[in-house]
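Undergrad: One structure coming up, written as structure tokens, with questions to follow.
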Amino acid sequence: GVPVFQKLQQIRRNLPIFSAKRKLIEELRRLDTAIVIGETGSGKTTQLPQYIFEERLHKNMIIAITQPRRVAAITVAQRVAQERGSEPGHVVGHCVRFEDMTSEKTRIKYMTDGMLLREAILDPLLKRYSFVILDEAHERTIHTDVLFGVVKQAQKRRKLRNLLPLKIIIMSATMDVDHFSQFFNKAPVLYLEGRQFPVQVYYSREPQSDYVFAAVVALFQIHREEPADQDVLIFLTGQEEIDSVVRSIHEIAKGMVGDAPPLVVWPLYAALPSHLQLKAFNPAPKGTRKVIVATNIAETSITIHGISFVIDTGVVKAKIFTPRSGLDLLKVVKLSKAQALQRSGRAGREAAGTCYRLYTEEEFQHFPDNTIPEIQRCNLSSVALQLLAMGITDIVNFDFMDKPSTESLIGAVHQLHTLGAVIKENTIKLTATGKRMAAFPLDPKLSKTLLIALELHCLEEVLTIVSMLSVDSVLFTPQRKREEALAVRQKFVSSDGDHITLLNIYKAYKGVKGNKEWCHENFINGRNMSKAMDVRKQLRQICDSQTLAVKSCGQDTSIIRRCLAAGLFMNAAELQREGDVYISLTTREPVHIHPSSALFRCKPACVVYNELVKTSKCYMRDLSVVDPDWLYEAAPAYFKRKKPSKK
Ligand code: ADP
Ligand code: MG
């Protein structure tokens with residue numbers, strides 16, 4: 001109703017950015033490129049695109065605002081639509097992988113950086129857009145980094161052709177401004193006044209061996225000593241860690257009833273369904289302390305009110321490239337100084353606050369100043385495929401803000417070559433297979449798996465498996481009912497591994513037409529299942545548009561696993577003769593089956609997997625049992641020195 005709308009307008013006018021509106025508009029009218037810096041919560045992401053729209057600077061074309069995180073793109077678009085009193089998907093829309101909520105009317109478009117890059121394949125000049133705002137630029141994701149070069153080139157080429165100028169805005173709460181300004185032809189930096197209160201920072205006296213334990217201890221020290229209305233934000237690294245900390249906090253708090261105020265505890269991580277994420281934003285009841293246990297998602301892209309204390313464990317989960325294997329690994333790493341500063345800043349948004357750093361001051365001094373860009377530490381094969389599809393063949397000389405090593409670029413091209421996506425003549429060229437692969441918004445290994453499934457006539461099944469792998473887990477395993485959940489789901493479990501198990505779940509789900517009761521009884525996450533159906537529909541459309549015949553192999557699952565072997569051969573491991581340790585066929589390093597796998601405690605001789613996760617050990621996730629001969633047949637050159645052994 002009207003009162004809500006008016007209240008939102010009042011809130012908008014109270015944001016720090018509002019006092020700078022006039023000046024910002026003036027500058028943006030004049031400049032082709034600008035860098036905008038302002039504290040988290042000052043209103044950059046939600047307001048600046050609206051100002052451009054309200055002042056008609058966009059010339060009735062689309063304003064793109066990129067976000068590294070999908071959740072941010074979705075929730076911000078919903079918020080801004082609400083602020084404008086309009087339906088989501090009308091004037092304000094969002095577009096993330098497998099979810100396009102935009103229409104003809106959309107002028108303010110929040111999207112992931114990956115989506116804009118994908119659009120640039122079809123239209124390198126980005127002709128639909130008059131403004132591209134690259135938000136959270138400090139995160140330096142691989143996609144944002146490539147976009148820096150792509151938008152800069154589009155701007156230049158539009159100017160040369162006398163087309164409508166493309167205006168570029170680089171936005172962040174924090175970053176190495178000189179470096180960005182240099183890259184964008186000395187673009188001016190516009191600073192927004194923030195509201196930052198002093199934050200008292202305390203370091204550990206001794207290095208901590210167990211940061212999870214230390215975080216819980218720090219929380220309860222605060223909880224015993226400080227007023228209940230002061231909320232706490234704890235930074236940890238990932239979902240499993242967060243879920244376990246939330247449980248410990250609940251258990252300890254139960255024992256303290258009467259001695260301390262009540263606690264409400266909310267987890268916050270990207271894989272959490274958005275309706276659960278939103279709980280963390282609600283104020284706690286009076287006399288209750290709110291504790292949010294979050295990943296890096298809370299570092300800059302999301303604003304949470306009421307936080308007086310931050311507990312910073314000093315670590316973050318990051319994708320790390322392992323040059324020897326050419327593969328990415330998720331690994332817990334130390335923060336940069338800039339990140340640590342952002343985290344402590346979250347305690348001083350509304351009043352003076354306190355940050356407990358669970359590391360020593362000396363350790364902090366050894367943190368790198370800035371985060372190393374993802375492009376310098378990740379596998380580049382997917383990006384290389386996209387650049388080639390955009391017609392950029394000289395990848396090594398592409399205008400990167402920070403160049404990846406020549407070695408890793410060559411490695412990426414080599415990987416594409418191994419997958420049959422490119423040929424190397426005078427220049428590097430996409431093959432017909434490579435062009436087909438680039439059409440799918442998937443990791444090249446999975447695109448390749450689809451194309452092999454086409455040849456082996458099981459695209460029907462493999463499309464399903466790839467869709468199920470492209471959404472968050474469809475298994476819902478509440479800790480209290482863990483045994484029960486595993487027992488009911490046993491009927492889906494295949495001794496062939498997780499991929500076939502996922503296929504079984506999908507078939508059963510379709511069999512009952514997505515019945516809610518069924519999902520509940522079988523501990524299946526219905527929301528993620530219906531997402532998987534939707535993803536499948538979209539992948540199916542891409543197949544149809546390329547006239548790829550979607551055929552089924554019936555009950556023969558070995559054909560499916562043969563496809564997986566032929567697409568994922570770089571992710572293969574074999575069992576050591578003794579014990580239960582596997583050895584990666586690419587790196588010859590030890591790897592283990594993840595406890596969540598259908599194959600946990602089974603000891604198949606040879607497996608392929610989708611992902612490696614490093615905690616205390618290196619774990620393979622999403623596995624299938626394969627015959628070593630399939631691997632060798634799929635890529636004889638790759639295995640020429642290390643033919644997998646047949647046992
Ligand atoms: P910045 O990008 O500078 O960090 P934002 O534009 O994201 O700032 O947020 C500005 C303000 O808008 C925040 O202080 C927050 O209160 C409000 N806000 C943003 N997103 C939401 C949301 N999804 N729900 C409620 N409030 C929001
Ligand atoms: Mg923002």
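No lab work stands behind these numbers, since they all come straight from the coordinates. A quick note: this is a predicted structure, and the numbers were derived from the prediction, not measured. Because the Cβ atoms are built from the backbone with ideal geometry, glycine has one as well, and the counts that use them run over all protein chains shown.
Undergrad: Find the cysteines in the chain that fail to meet the 4.7 Å Cβ criterion with every other cysteine, and list them.
TA: When partners are defined as cysteine Cβ atoms under 4.7 Å apart, the chain leaves Cys95, Cys355, Cys378, Cys519, Cys543, Cys563, Cys602, Cys606, Cys618 without one.
Undergrad: Further question: In whole angstrom, how far apart do the alpha carbon centroids of the stretch 132-155 and the stretch 493-525 sit?
TA: 39 Å
Undergrad: Same structure again: Two decimals is fine: what's Rg over Rh for the stretch 565-622, C-alpha atoms, Kirkwood radius as Rh?
TA: Values: Rg = 10.2 Å, Rh = 11.2 Å.
Result: Rg/Rh = 0.91.
Undergrad: Nearest 0.05, what FRET efficiency do Tyr191 and Lys337 give at R0 = 25 Å with Cβ-Cβ as r? Provide the component values of the computation, followed by the final result.
TA: Values: r = 20 Å, r/R0 = 0.80.
My answer for the efficiency is 0.80.
Undergrad: Quick one: Cα centre-to-centre distance for the stretch 624-641 and the stretch 444-462, in angstrom?
TA: 17 Å
Undergrad: For the stretch 42-115, what are the per-bin percents of Cα-Cα distances with bins 5 Å wide, up to the bin holding the maximum?
TA: 3, 19, 31, 29, 14, 3, 0
Undergrad: Packing-wise, with mean Cβ within 10 Å as the measure, how do 343-356, 401-414, 126-139 rank, highest first? Spell out each step's value before the answer.
TA: Values: 343-356: 20.9, 401-414: 17.3, 126-139: 22.7.
Packing order, densest peptide first, comes out as 126-139, 343-356, 401-414.
Undergrad: Please report, in whole Å, how far the alpha carbons of the stretch 344-467 spread along each principal axis, starting with the longest.
TA: Its Cα atoms span 62, 39, 25 Å along the three principal axes.
Undergrad: I've got another one for you. Direction-averaged shadow area of the convex hull around the Cα atoms of the stretch 1-58, nm²? Each step should come with its number before you reach the end.
TA: On the way: hull surface 17.7 nm².
Averaged projected hull area, Cα only: 4.4 nm².
Undergrad: Going Cα to Cα from Lys507, which lysines come in below 17 Å? Please leave out same-chain ones fewer than 8 positions away.
TA: Cα-Cα hits under 17 Å: Lys491, Lys516, Lys531, Lys537, Lys551.
Undergrad: Another question, if that's okay. Taking the dipole about the Cα centre of the chain, with the C-beta of Lys and Arg at +1 and of Asp and Glu at -1, give me whichever of Ala154, Leu503, Ser545 is farthest to the positive side.
TA: Ranked along the dipole, the leading option is Ser545.
Undergrad: For the stretch 220-291, take the convex hull of the Cα atoms, compute a quarter of its surface area, and give me that in nm², please.
TA: Details: hull surface 19.3 nm².
Averaged projected area of the stretch 220-291's Cα convex hull equals 4.8 nm².
Undergrad: Once every Cα of the stretch 148-306 carries one equal point scatterer and solvent is ignored, give the base-10 log of I(q)/I(0) from the Debye formula at q = 0.09 Å⁻¹, two decimals.
TA: Here log10 of I(q) over I(0) equals -0.47.
Undergrad: Which value in deg cm²/dmol, rounded to the nearest 500, describes the helix-derived mean residue ellipticity at 222 nm for the chain, given -39,500 (n - 2.57) per DSSP H run of n ≥ 4 and division by the residue count? List each step's numbers first, then the result.
TA: On the way: 23 runs with 251 residues, N = 647.
Using -39500 (n - 2.57) per qualifying helix, the result is -11500 deg cm²/dmol.
Undergrad: Can you give the Kirkwood hydrodynamic radius of the stretch 166-256 from its Cα pairs, in Å with one decimal? Write down the numbers at each step before the final one.
TA: Values: mean 1/r = 0.0571 Å⁻¹.
Taking every pair of different Cα atoms in the stretch 166-256, averaging 1/r and inverting gives 17.5 Å.
Undergrad: If you average the C-alpha positions of the stretch 178-238 and of the stretch 367-383 separately, how far apart do those two centres end up, in angstrom?
TA: Value for the Cα centre distance between the two parts: 22 Å.
Undergrad: So for each of 531-543, 176-188 I average, over its residues, the number of other beta carbons within 10 Å; can you give me the resulting order with the highest mean first? Please report the intermediate quantities before stating the final value.
TA: Values: 531-543: 18.4, 176-188: 14.7.
Ranking, from highest mean packing down: 531-543, 176-188.
Undergrad: Grab the eigenvalues of the alpha-carbon gyration tensor for the chain, scale each by 5, take roots, and send me the semi-axes largest first in whole angstrom.
TA: On the way: eigenvalues 299, 217, 122 Å².
Working from the Cα gyration tensor, I get semi-axes of 39, 33, 25 Å.
Undergrad: Compute the distribution of all C-alpha to C-alpha distances in the stretch 503-580, in bins of 5 Å from 0, and list the percent of pairs in each, rounded to whole numbers.
TA: With 5 Å bins starting at 0, P(r) equals 3, 11, 14, 15, 19, 17, 10, 7, 3, 1.
Undergrad: Sort largest first and round to whole Å: the equivalent ellipsoid semi-axes of the stretch 99-172, each the square root of five times a Cα gyration tensor eigenvalue.
TA: Details: eigenvalues 66, 54, 26 Å².
Each semi-axis is the square root of five times an eigenvalue, giving 18, 17, 11 Å.
Undergrad: Straight-line reach from Lys429: which lysines have a Cα under 26 Å away, not including same-chain ones fewer than 8 places off?
TA: The qualifying lysines are Lys127, Lys152, Lys156, Lys403, Lys445, Lys448, Lys640.
Undergrad: Follow-up question, since we're still on this one. What would the Debye equation give as log₁₀ I(q)/I(0) for the stretch 451-492 at q = 0.16, 0.18, 0.22, 0.25 Å⁻¹, counting only Cα atoms as equal point scatterers?
TA: Debye output, listed in q order: -0.59, -0.66, -0.77, -0.84.
Undergrad: Highest mean first, what order results for 460-467, 588-595 on Cβ atoms within 10 Å?
TA: Values: 460-467: 24.1, 588-595: 16.5.
Going from most to least packed, we get 460-467, 588-595.
Undergrad: Taking the beta-carbon count within 10 Å as an exposure proxy, list Phe148, Phe492 from fewest neighbours to most.
TA: On the way: Phe148 23, Phe492 20.
The fewest-first ordering by Cβ neighbours comes to Phe492, Phe148.
Undergrad: List the relative contact order of the chain as a percent without decimals, with contacts defined as Cα pairs under 8 Å and 6+ residues apart.
TA: On the way: 1152 pairs, mean separation 67.3, N = 647.
Dividing the mean separation by the residue count of the chain yields 10 percent.
Undergrad: Using the Kirkwood radius built from alpha carbon pairs, what does the Stokes-Einstein equation give as D for the stretch 253-369 at 20 °C and 1.002 mPa s, in µm² per second?
TA: On the way: Rh = 16.2 Å.
Rounded, D is 132 µm²/s.
Undergrad: Let me ask you something else. For the chain, what proportion of DSSP beta bridges, expressed in % and rounded to the nearest 5, is antiparallel?
TA: Values: 31 of 85 bridges.
In the chain, DSSP labels about 35 percent of beta bridges as antiparallel.
Undergrad: Using 0.36 nm times the number of residues separating Glu206 and Thr406, minus their current alpha carbon distance, what extension gain do you get?
TA: On the way: separation 200, 0.36 × 200 = 72.00 nm, distance 4.05 nm.
Fully extending the segment from Glu206 to Thr406 adds 68.0 nm.
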